[in-house]
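> After the structure tokens below, expect a handful of questions from me.
Taken together, the values in this text are just the output of simple stated rules run on the coordinates, not laboratory data. If you're wondering where the values come from, they're calculated on a predicted model, not measured in any experiment. A quick note on method: Cβ atoms are made from the backbone with ideal geometry, for glycine too, and the neighbour counts reach across all protein chains shown.
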Amino acid sequence: MNARTSATGADRLLRPGGLQLLALAALALLVIVAAHLFEPHDWSRNAKGFIRTFHGPGFAVVALVFVSLLRRQGNVRLSYLYAALAAMLAGVVAELAQLAGARDADFGDLLRNAIGIGAGLGLAAVFDPALRARHGRFWLTLLGIATAAALVATFWNSVTSAHTLWARSAALPKLATFANSWESGLYEEADEPTARPIVRPADWPVTTDDIVLWAASTGRWSTFLHLRPYPDWRAYRTFSFVAASADKDAHELSVEIWDTPPSPDQRRNRFSTNIVVTPTPERITIPFEQIAGAASERAFDFEHVDIVIVSRRGEGRGTVLLDDFQLEP
Ligand SMILES: [Ca+2]
């Protein structure tokens, strides 16, 4: 007797036919495209970055689901091949859909997808009884190692990014002290690659930790720090940090604090002030009333503070020390 005709309803669900597979694939594609077009405008930059790290893990799950469905159809190797092709194709369609949307299409994303798909399929293959019966210990071990490497590569960014987000909120009211390696994830966007944490000088006023940020400029208007701070500042009244010239000259710095526009067609509020730093370290304090004064057509949004930028005005070379960015009640 034909096993298919005697299949129970549950069996049929577990062994879907061609039409059901097509319907499931269409549904999966819809979910994947929707996830790619999801762009919450008032999220902080780091939170947006965090959801982007789900590219690899998302496609690992997609590939795992695809291959589990296809494996019930029969041919073992073809199931893996078709699952890989279907998942890659879904990724390409999702990237193309982004061309019309707010987010950018990205070839790097396709590479991350591919590694994620490899991780998902590898995981399925390692535990696949048909493959385990067919291949020897050597190939299974090799597959296991490759799968473990792909899984680490796939989940690494999500884990470190989640840790940075968690540590950043746990560190409040400190915004950046430069003493923790996770903080580098908050200011890595600085366009001057010359900023680096160093051991604090002997006479430094902040003694809660031993590290300050040393930053150099080589030309005009160099950005020393491009900080993506914890965004919700509503419980505080003052923003402050410690700064000093790291050479014998005084330097004029520009401090900018931007909020996030509530929608892409609205402009952000940009607070900007200039300060002079000398070799003697000083705490620069900026009350929120001053920042609120920069608001144009809407109030400054202290719930969604986006970026703090410290840059240098003027020409020529200059080095500064920055430390202990914090909020105060
Ligand atoms: Ca410090």
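> Compute the length gained on full extension between Arg137 and Thr207: take 0.36 nm times their separation in residues and subtract their Cα-Cα distance, giving the result in nm to one decimal. The partial results should precede the final answer.
Numbers: separation 70, 0.36 × 70 = 25.20 nm, distance 5.63 nm.
My answer for the length gained is 19.6 nm.
> If you average the alpha carbon positions of the range 156-216 and of the range 243-306, how far apart do those two centres end up, in angstrom?
Taking the Cα centre of each part, the range 156-216 and the range 243-306 sit 19 Å apart.
> Hey, another quick one. From Cα coordinates alone, what are the radius of gyration and Dmax values for the range 63-160 in angstrom?
Over the range 63-160's Cα set, Rg and Dmax evaluate to 15.0, 49 Å.
> Farthest toward the dipole's positive end in the chain, which of Phe300, Leu96, Ile145, given Cβ charges of +1 (Lys, Arg) and -1 (Asp, Glu) about the Cα centre?
Ile145
> Could you work out [θ]222 nm for the chain from helices alone, using -39500 (n - 2.57) per DSSP H run of at least four and dividing by all its residues? Round to the nearest 500 deg cm²/dmol.
Details: 10 runs with 143 residues, N = 329.
Roughly -14000 deg cm²/dmol at 222 nm, from the helical runs in the chain.
> Would you mind computing the Rg to Rh ratio of the chain from its alpha-carbon coordinates, Kirkwood style for Rh? Don't skip to the answer; put the middle values down first.
On the way: Rg = 26.1 Å, Rh = 23.3 Å.
When Rh is taken as the Kirkwood radius, the ratio is 1.12.
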